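Participant: Just passing along the structure, written as structure tokens.
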Amino acid sequence: MASKDADPSLGYLTRKDTEVKLPRPTRVKNKTPAPIQITAEQILREARERQEAEIRPPKQKITDPTELADYRLRKRKEFEDLIRRVRWNQSVWIKYAQWEESQKDFNRARSVWERALEVDYRNHTLWLKYAEVEMKNKFINHARNVWDRAVTLLPRVDQLWYKYIHMEEMLGNVAGARQIFERWMSWMPDQQGWLSYIKFELRYNEVERARAIYERFVQCHPKVGAWIRYAKFEMKNGEIVRARNVYERAVEKLADEEDAEQLFVAFAEFEERCKETERARCIYKFALDHIPKGSAEDLYRKFVAFEKQYGDKEGIEDAIVGKRRFQYEDEVRKNPLNYDAWFDYIRLEESVGSKGRIREVYERAIANVPPAEEKRYWQRYIYLWINYALYEELDAGDMERTRDVY
């Protein structure tokens with residue numbers, strides 16, 4: 001019978017033998033609240049008070065070389081076992097190397113760093129920490145060796161170059177630092193790298209060298225910001241002719257760029273500072289003719305302010321008309337069928353009195369034919385033609401053109 005009920009997974013025992021019998025839950029007869037309530041805070045406080053003190057192993061003091069050797073052997077075994085398990089974890093390698101350093105065993109520490117780099121040489125943090133250890137312990141040539149290998153293998157990590165150069169500069173090896181900068185610049189880094197090189201040369205009053213670097217900088221990064229920095233550098237050194245030359249070259253190269261407005265404003269402000277108001281006015285006018293209306297808002301504002309400060313009545317009126325012209329251009333660009341905007345624009349041009357511009361605006365306005373045959377669209381449009389014919393007849397007095405318009 002017993003063999004019949006026996007479970008093969010339980011040996012010779014039956015299920016009945018292995019059942020756990022729990023006591024029957026007692027029914028609560030009195031459900032009224034207790035006179036003294038216990039809060040959760042009280043339970044936690046009592047638990048904390050009754051907690052036993054934490055048992056910590058006693059501190060060991062190493063007193064003789066044999067004990068020290070044992071301790072070192074044990075620690076090394078721990079680190080090696082850990083590395084065998086998580087070889088890819090860089091923090092384990094770093095702790096191991098730093099522990100070897102704390103034991104003043106620099107050859108072993110170096111060995112650990114080198115093994116770590118074999119696992120992952122692309123990790124620039126390892127290189128930084130390795131070199132910092134060498135520097136901290138005044139092994140300068142070792143540190144140089146580490147930095148040199150780091151920048152050769154990871155030339156795109158700017159931090160490695162900065163730290164290497166900083167070390168050489170701290171040691172007073174200016175020629176060495178310059179050589180490293182030159183190696184770095186051959187990789188054409190971002191703007192910040194070039195500017196650091198320029199600042200380095202200026203720290204040692206090497207203005208000519210800085211100028212030569214600026215020349216290479218604007219060739220490597222032909223951006224508006226780079227040219228403006230170069231011109232400001234020349235201005236700071238009192239080289240007004242050179243600064244003007246830089247601006248002129250920049251305008252030749254970048255007049256059609258998106259951020260050319262910034263360049264023209266800087267050039268005009270430079271001429272303004274040099275008391276060359278006529279030159280500044282010419283730059284503003286040239287810029288307003290060349291830059292698309294949509295991206296010349298700042299330029300118009302600066303030009304109006306300039307004319308208010310230096311211009312005569314006519315110049316100020318011209319500037320204000322230019323600003324309003326810019327606004328109308330913006331409106332008709334957004335909605336070419338807004339005939340009221342075209343009427344206002346034409347009225348503005350007629351008040352200025354430039355025949356060529358008036359005719360140009362009329363021609364552009366009448367080119368926007370209403371999209372549907374409904375009368376309400378054509379009502380406003382037909383007045384453009386009537387006004388155009390009346391202008392040619394009464395204001396321009398050109399009967400031939402009036403006949404053409406009709």
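The values are calculated or read from the model by the stated rules, or taken from the named source; none is laboratory data. Since this is a predicted model, take the numbers as computed values, not measurements. Reconstructed Cβ throughout: ideal geometry from the backbone, glycine too, with neighbour counts over all protein chains shown. What goes into the accessible areas is simple: the full protein's heavy atoms, side chains included, and nothing from ligands, DNA or RNA. Shrake-Rupley method; radii C 1.70, N 1.55, O 1.52, S 1.80 Å.
Participant: Whole-Hz ³J(HN,Hα) for each residue in the range 223-234, computed from phi via Karplus 6.51 cos²θ - 1.76 cosθ + 1.60 with θ = phi - 60°, x for glycine and proline: what do you get?
Facilitator: Each residue's phi maps through the Karplus curve to give 10, 4, x, 5, 5, 4, 4, 4, 4, 5, 4, 5 Hz.
Participant: With all protein chains present, calculate the accessible area of Ser111 using a 1.4 Å probe and round the result to the nearest 10 Å².
Facilitator: Looks like 60 Å² after rounding.
Participant: If you don't mind, there's one more thing I want to ask. On a full-extension model of 0.36 nm per residue, what is the gain between Arg74 and Glu52, subtracting their alpha-carbon distance, rounded to one decimal in nm?
Facilitator: Details: separation 22, 0.36 × 22 = 7.92 nm, distance 3.12 nm.
Full extension of this stretch gives 4.8 nm more.
Participant: Around Pro222, with a cut-off of 10 angstrom between Cβ atoms, what is the net charge of the other residues, counting Lys and Arg +1 and Asp and Glu -1?
Facilitator: +1
Participant: Using 30 Å as the Cα-Cα cut-off, could you pick out the over-long pairs in Lys138/Lys199; Lys75/Lys136; Lys199/Lys302; Lys77/Lys163?
Facilitator: From Lys138/Lys199; Lys75/Lys136; Lys199/Lys302; Lys77/Lys163, over 30 Å: Lys199/Lys302; Lys77/Lys163.
Participant: Find, to one decimal place in angstroms, the Kirkwood hydrodynamic radius of the range 23-168, where the mean of 1/r is taken over every pair of different Cα atoms and then inverted.
Facilitator: About 20.2 Å for the range 23-168.
Participant: How large is Rg over Rh for the range 243-283, taking Rg from the Cα atoms and Rh as the Kirkwood inverse mean of 1/r across Cα pairs?
Facilitator: 0.96
Participant: So which chymotrypsin sites (Phe, Trp or Tyr not before Pro) in the range 19-104 are both in a DSSP loop and have at most 15 other Cβ atoms within 10 Å of their Cβ?
Facilitator: Trp88
Participant: Give me a comma-separated list of calculated 3J(HN,Hα) values for the range 245-252, in order, Karplus coefficients 6.51, -1.76, 1.60 applied at θ = phi - 60°, integers in Hz, x for any Gly or Pro.
Facilitator: Per-residue couplings from phi come out as 4, 4, 4, 4, 5, 5, 5, 4 Hz.
Participant: Need one value: the accessible area of Ile43 in square angstrom, 1.4 angstrom probe, rounded to the nearest 10.
Facilitator: The accessible area of Ile43 comes to roughly 100 Å².
Participant: Got a number for the accessible area of His142? Probe 1.4 Å, square angstrom, nearest 10.
Facilitator: Ignoring ligands and nucleic acids, His142 comes out at about 80 Å².
Participant: Within the accessible area of the range 90-239, what % is carbon and sulfur when the probe is 1.4 Å and the other protein chains stay in place?
Facilitator: The C+S portion of the solvent-accessible surface of the range 90-239 is 51 percent.
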